[in-house]
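To start, the structure under review is shown below, and the notes come after it.
The values are calculated or read from the model by the stated rules, or taken from the named source; none is laboratory data. Note that the structure is predicted; figures quoted are calculated from it, not measured. Cβ: placed from backbone, ideal geometry, glycine included. Neighbour counts: every protein chain shown.
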Amino acid sequence: MASKFFSTAPRAVQTRLCRTPNSVSIASRLPQRRYISAYGYEQAKALTFSEYGEPPSVLSLHSHSISPPHSNFMTLRFLASPINPADINQIQGVYPSKPTFTTNLGTANPIAVAGNEGVAEIIALGEGVKKEGFKKGDWVFMKGPGFGTWRTHASATTDDVVKLDDQMREGISAIQAGTVSINPCTAYRMLRDFTTLQEGEWFIQNGANSGVGRAAIQLGKKWGYKSINVIRSRDDKVKEEAMKKELKELGADVVITDAELQSQGIKDMAKEWTNGGRAPIRLALNCVNGKAATAMAKLLSSSSHFVTYGAMSKQPLTIPASMFIFKDIHFHGFWVSRWAEKHPGEKQMTVADVLDMTRKGEFRDMPVDEIRWEWESKGDELIAKVKDTLEGYREGKGVFVFGKT
């Protein structure tokens, strides 16, 4: 059975057109859909792949029809779907969670739809779905990875989705709802689940400019934690300083580069930040690996916790034996998808809490590069945007934002 948030908030009511000569059509400001078939078939497009490889080489735009839903099936129209590093890794075939290859999209050979995160609107539903408390117009996000979210429409069951009730949607945009279930949840659980930080205690993290890093800065600030944040060194020092300033405005206490982290004077600097070393650094969040991650671990206090959730450098994590033996550092791995499968109730509560902070202005979105996806959008254009993300040519997180599909 799908998980649901409960709400008594009223649904939005459609407004009739006002056809006065000087008025602007209200319908032009509302989301518009294409009604293709009188028989209830929905026309859909999806970025798919039939084999693993680099996204520009294996992705293609596939068109297909979706039959009218029945029983516990529903038809979804996607609103926003981000491009995450895990999505790229999944297409490459190196991510632990594998996509679903199927011929249900009208192909002779199995294909998979790319993308793992996003928010969609229910546009049609079977009687079984209605009995479980869903209705047309509800927003849902995917319960786990592998469903495929880089598409205009999809057929889903109640087991595939989590409902975002009207009360939780209030004041929340589609982009905010579509990007809440991975990065913010990852930061939230790592800060909460591996040790109990007290107000005024420190954590340190690399990848501080990432979606997870920005979320950790803001959540830590709200909960009274202090943070040391490591970013990648840049040749352009003006941009580097601008990045440090931006993260401090989010709530970071200290921002340094990976080069500064590995400098000889880093231990003295850390003592200066932490009241002469009397305030412990009790948690580290690592998504980079390599020598910089080892340098970060050396700043931890005894019996602290080091959590790895990524490997952006594609280098191994090398841990000196002394950290285990003499400092009793505890090393952990964290994968939010596995956590969500084991703790669906906590996943709901985490999402609800982050969205509530967002609504109150206590949690800010990370910079986003909106990629418009209209029905007329060409496959090579959409794939080029994925390639831009793969090569790092993007100022903010790439998010497919669906228009008139």
| Residue in segment 186-193 that is in contact with a Ser or Thr (Cβ under 8 Å, 6 or more places away or on another chain) and under 16 Å from E362 (Cα atoms) present | yes
| task | Working only within segment 148-171, note down all residues that are modelled with pLDDT of 95 or more and among the hydrophobic types (A, V, I, L, M, F, W, C). | result | W150, A154, A156
| note | If you go through E376, E362, E395, the only one that is at pLDDT below 90, farther than 15 Å from A174 by Cα and among the charged types (D, E, K, R) is E395
| task | Scan segment 132-168 residue by residue and report those that are surrounded by fewer than 23 Cβ atoms within 10 Å (Cβ to Cβ) and within 13 Å of L355 (Cα to Cα). | result | D165, D166, Q167, M168
| query | Here are some residues: R364, R359. Which one is under 15 Å from the mean Cα position of the chain (by Cα), under 25 Å from V140 (Cβ atoms) and among the basic types (K, R)? | reply | R364
| note | Here the residues within segment 170-185 that are within 8 Å of the chain's Cα centre (by Cα) and part of a loop (DSSP other than H, G, I, E, B) are T179, V180, S181, I182
| task | Select from segment 291-338 the residues that are surrounded by 13 or more Cβ atoms within 10 Å (Cβ to Cβ), free of Cβ contacts under 8 Å to residues at least 60 places away in the same chain and either part of a helix (DSSP H, G or I) or of a type in the set (S, T, Y) (or both) and list them in ascending order. | result | K291, T294, A295, A297, S301, T308, S313, M323, R338
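One line per residue, one yes/no per condition, for (1) more than 24 Å from C185 (Cβ to Cβ); (2) touching a Pro at 6+ places or on another chain (Cβ under 9 Å); (3) outside the structural domain of N209 (by TED's automatic domain parsing):
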| site | (1), (2), (3) |
| --- | --- |
| T308 | no, no, no |
| M312 | no, yes, no |
| P316 | yes, no, no |
| I329 | yes, no, no |
| E346 | no, no, yes |
| V354 | no, yes, yes |
| K385 | yes, no, yes |
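Anything in segment 85-115 that is of a type outside the set (G, A, S) and crowded, with 21+ Cβ neighbours inside 10 Å? List them, or say none.
D87, Q90, I91, P99, L105, I111, V113
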| field | Filtered residues of segment 134-161 (kept if closer than 20 Å to F400 by Cβ and of a type in the set (A, V, I, L, M, F, W, C)) | value | W139, V140, F141, M142, F147, W150, A154, A156, V161
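Scan segment 367-376 residue by residue and report those that are touching a residue at least 12 places away in the same chain (Cβ under 8 Å) and either touching a strand residue (DSSP E or B) at 6+ places or on another chain (Cβ under 6 Å) or more than 18 Å from G211 (Cα to Cα) (or both).
Quick first cut of segment 367-376, residues touching a residue at least 12 places away in the same chain (Cβ under 8 Å) only: 367-375.
Answer for segment 367-376, where residues must be touching a residue at least 12 places away in the same chain (Cβ under 8 Å) and either touching a strand residue (DSSP E or B) at 6+ places or on another chain (Cβ under 6 Å) or more than 18 Å from G211 (Cα to Cα) (or both): V368, D369, E370, I371, R372, W373, E374, W375.
Picking from A80, A44, A86, which residue would you name as being over 17 Å from the mean Cα position of the chain (by Cα) and in the same structural domain as T389 (by TED's automatic domain parsing)?
A44
Listed here are the residues, each with its yes/no results for (1) modelled with pLDDT of 95 or more; (2) assigned to a helix (DSSP H, G or I); (3) in contact with a strand residue (DSSP E or B) (Cβ under 8 Å, 6 or more places away or on another chain).
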{"residue": "S97", "(1), (2), (3)": "no, no, no"}
{"residue": "T107", "(1), (2), (3)": "yes, no, yes"}
{"residue": "A112", "(1), (2), (3)": "yes, no, yes"}
{"residue": "A120", "(1), (2), (3)": "yes, no, yes"}
{"residue": "K136", "(1), (2), (3)": "yes, no, yes"}
{"residue": "F141", "(1), (2), (3)": "no, no, yes"}
{"residue": "G144", "(1), (2), (3)": "no, no, no"}
| said: Looking only at segment 263-290, count every residue that is buried (at least 18 other Cβ atoms within 10 Å of the Cβ) and at positive phi and tell me the total. | reply: 2
| said: Only one of A297, A293 is assigned by TED's automatic domain parsing to the domain that holds F194, over 22 Å from the mean Cα position of the chain (by Cα) and more than 28 Å from Q90 (Cβ to Cβ). Can you tell me which? | reply: A297
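For segment 356-374, give me each residue that is assigned to a loop (DSSP other than H, G, I, E, B) and surrounded by 15 or more Cβ atoms within 10 Å (Cβ to Cβ).
Passing the criteria: F363, R364, D365, M366.
Table: residues versus (1) at pLDDT below 95; (2) assigned to a loop (DSSP other than H, G, I, E, B).
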site: V230; (1), (2): no, no
site: S233; (1), (2): yes, yes
site: E241; (1), (2): no, no
site: E249; (1), (2): no, no
site: A252; (1), (2): no, yes
site: I256; (1), (2): no, no
site: A259; (1), (2): no, no
site: A279; (1), (2): yes, yes
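Which one of A124, A156, A215, A208 is in a helix (DSSP H, G or I) and at negative phi?
Only one candidate passes the filter, namely A215.
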